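Below is one structure, written out as structure tokens, with a few remarks after it.
The values are calculated or read from the model by the stated rules, or taken from the named source; none is laboratory data. Everything numeric here is computed off the predicted structure, so don't read it as measured data. When we count neighbours, we look across all protein chains shown, and the Cβ atoms used for this are built from the backbone with ideal geometry, even at glycine. Accessible surface is based on the protein model in full, side chains and every heavy atom, while ligands, DNA and RNA are left aside. Shrake-Rupley method; radii C 1.70, N 1.55, O 1.52, S 1.80 Å.
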Amino acid sequence: MTEPVTLVLGTPIERRSARTGAVVDRIAELRFRPLLLGDLTAALDAAGAGNQGALMLQLAARSAGIAAEDLAGLGIGDGMAVMEAMQGFMPAGLQTGTNGAPSSPASSALPPIGANGVQPT
């Protein structure tokens with residue numbers, strides 16, 4: 001079984017009072033535990049069919065033991081670090097990323113481009 005992952009956030013999550021707007025709680029790091037089948041089924045139900053972004057958010061929230069709304073407010077840098085941490089818990093068939101050899105650094109001659117810069121049809 002995979003070990004838990006601790007992620008120190010670049011910008012802490014701040015929970016605020018609905019009444020006053022004052023910060024009542026600050027989360028500076030998240031500890032993600034390995035995922036369980038129950039996490040997947042609950043996250044699928046919460047996210048809805050075909051909604052992969054919401055599914056990952058729900059899985060990450062369940063793993064960290066916090067509300068999905070708290071994670072949704074993260075900056076993109078912290079958010080990508082969360083997604084990367086979650087990838088470590090995924091079986092190979094569910095991991096995202098490249099599916100083959102990287103593309104060649106050389107430019108391709110295809111598709112051809114006409115003299116006016118438009119691809120011929």
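One table, with the values for the structure above:
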read-out: Under 5 Å, built H, 5+ apart or other chain: amide partners of L9; value: E29, L30
read-out: Summed side-chain charge close to D70 - residues other than D70 whose Cβ falls under 15 Å, Lys, Arg +1, Asp, Glu -1; value: 0
read-out: Three-way shape call for the range 6-45 based on the alpha-carbon gyration tensor, with the a/c threshold at 1.5; value: oblate
read-out: Solvent-accessible area per residue, Å², over the range 1-81 with all protein chains present [probe radius 1.4 Å]; value: 62
read-out: Three-way shape call for the range 1-68 based on the alpha-carbon gyration tensor, with the a/c threshold at 1.5; value: oblate
read-out: Gain upon complete extension [R16, A92; 0.36 nm per residue less C-alpha separation]; value: 23.5 nm
read-out: In nm, spacing of pseudo-spin labels at V24 and A49 (7 Å Cα→C-beta vector); value: 3.8
read-out: Loop-resident sites, the range 8-38, for trypsin sites (Lys or Arg not before Pro), counting at most 11 other Cβ within 10 Å (DSSP); value: R19
